[in-house]
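Following: one structure in C-alpha cells, then a few remarks.
Each reported figure results from applying straightforward, stated rules to the coordinates on display, with no laboratory input. If you're wondering where the values come from, they're calculated on a predicted model, not measured in any experiment. Every residue, glycine as well, gets a Cβ built from its backbone with ideal geometry; the counts of neighbours run over all protein chains shown.
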C-alpha cells in the first residue's frame, strides 16, 4: 500500500519568537477559530479557514509558519505539509474518520509551485472550496510570487480568507533574532547589529552570525560584504573572478 503520510521531525532555525504582530495576531485568531466551531455549524458553514502569506524572499514567512506549527503542536494539534493535493484529499478523509475533532492545519509552502500543474491546481481548489472539502481544518500557504497565483486562489473569500503581506524583518524582529543568538559580551554591540542589518533577510542575518561568531571573520568585513551583495547585483566580471564571497579589502 502506498504511504501517503510520514512523520517528520521539525528541524529548523526559524523557531525564534519574532515578536512580530502578524505572527501573534494569527495565533490569536486561530485560538478564536478553534473555539467557535459551533457557531460555524449554527449558520450552516464548514468549520474551515485559510491564510495566505506573501512577501519577498527571506522576509520571514517560513519563520511565522514555524511559530504557528509549534503553537499547534503544543495545543495537541496535527500538521500536514502538502505538495500533492490529490493525495491529501484521500488521506484527510481517512484521517478525519479516526480523528474527527482534532485541531488540524495543512501547510502549502510555495503554493505557486504546487499549482503550476493544472491538475494540482484543480485538486487544490476542490479541497479548499469544492466537493472534496474537509470540515474542522485550517489552511496556511506561502508564496514569494503572488502575481503568479490565479485570482481564483488569491482573491476569492472562503478559499484563503486572510491574505497577509510579510515585510522584511523589522527592527523588533532583528532585535529578537540577535538577542536569541548573541550575548552582549566580548564586545558584541547588539544594537549596532540591529541597526546595520536594516533590510536584511533572515538568511543574511544568519550568515552574519555564522561568519563572525563561528568562522571568526571580522564584523566590519562580514557586514560590508553582505551589504554589498544585497545592494548590488554582481557583475559578470565579479562572477568570472569568483568574487561572490568576501571582497578583497
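Here are the numbers for this structure:
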| item | result |
| --- | --- |
| Sorted by Cβ neighbour density within 10 Å, fewest at the top, the residues 34, 90, 193 | 90, 34, 193 |
| Average Cα contact separation per residue, region 125-216, under 8 Å, 6 or more apart, as relative contact order % | 21 percent |
